[in-house]
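Right, one structure below, let's go through it.
The values are calculated or read from the model by the stated rules, or taken from the named source; none is laboratory data. Bear in mind that the values here come from a model prediction, so they are computed numbers and not experimental data. All Cβ positions, even for glycine, are placed from backbone atoms using ideal geometry, and neighbour counts span all protein chains on display.
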Amino acid sequence: MKYLIILPFLLFFSNAFSQEKQIKKEKWHWNNNKLKQDTTAGYCQVLKVDNVLYISGAVTNNITPEGITSVYNDLRASLASFGATFENVVKENLYTTDIDEMKKFNYVRKKFYNNDFPAATWVQVQRLYMPKAKLEIELIAHLPK
């Protein structure tokens, strides 16, 4: 009999203090309000979980000041989709097929961060997902709670 009395309390407390079974995801994708993700390649441009934004890579075929600027302008649009700016960026991953060219034009990147740089990883790779792409940058940003 005492087990029958204790069992409802155990079930109540285990459910009350357990984690949610699914995380809440909000998505944004380039000018596509219906899907909010690219089902062809299988990704969304920005995924928001709690107060964290995970931003898929923005790419360019040219490691030039203009090409780098276009990537960071695309990243700015991704951040803005949830009201963020480069001040919210805490991590940057940069993948390039020519790291020496990227180093040469790093001054372009620095302008977007306004001397408030995130943790960053730069990696030279043989090839990116898009065959002609030479630079891809992804970000993680935190929004205020």
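Within segment 50-63, residues that are in contact (Cβ under 8 Å) with a residue 12 or more places away in the chain and more than 15 Å from His29 (Cβ to Cβ) sit with their Cβ atoms under 8 Å from residues that are in a strand (DSSP E or B) and polar (S, T, N, Q), at 6+ positions apart or across chains, in these pairs: Ile63/Thr96.
Could you list, in sequence order, the residues of segment 121-145 that are touching a Leu at 6+ places or on another chain (Cβ under 9 Å) and surrounded by 14 or more Cβ atoms within 10 Å (Cβ to Cβ)? Within segment 121-145, Trp122, Leu128, Lys134, Leu135, Glu136, Ile137, Glu138, Leu139, Ile140, Ala141, His142, Leu143 meet the criteria. Between Lys27, Lys36, the distinction of being assigned to a loop (DSSP other than H, G, I, E, B) and either surrounded by 13 or more Cβ atoms within 10 Å (Cβ to Cβ) or at pLDDT below 70 (or both) belongs to Lys36 only.
Of all the listed residues (Asp100, Asp74), the sole one being among the charged types (D, E, K, R), exposed (fewer than 12 other Cβ atoms within 10 Å of the Cβ) and not in a loop (DSSP other than H, G, I, E, B) is Asp100.
Checking Tyr107 against (1) at pLDDT below 95; (2) loosely packed, with under 11 Cβ neighbours inside 10 Å; (3) not in a loop (DSSP other than H, G, I, E, B): exactly one of these is not met. Which one? Every listed condition holds for Tyr107 apart from (1). Taking the stated definitions as given, is Asn62 surrounded by fewer than 21 Cβ atoms within 10 Å (Cβ to Cβ) and either at pLDDT below 95 or touching a strand residue (DSSP E or B) at 6+ places or on another chain (Cβ under 6 Å) (or both)? No.
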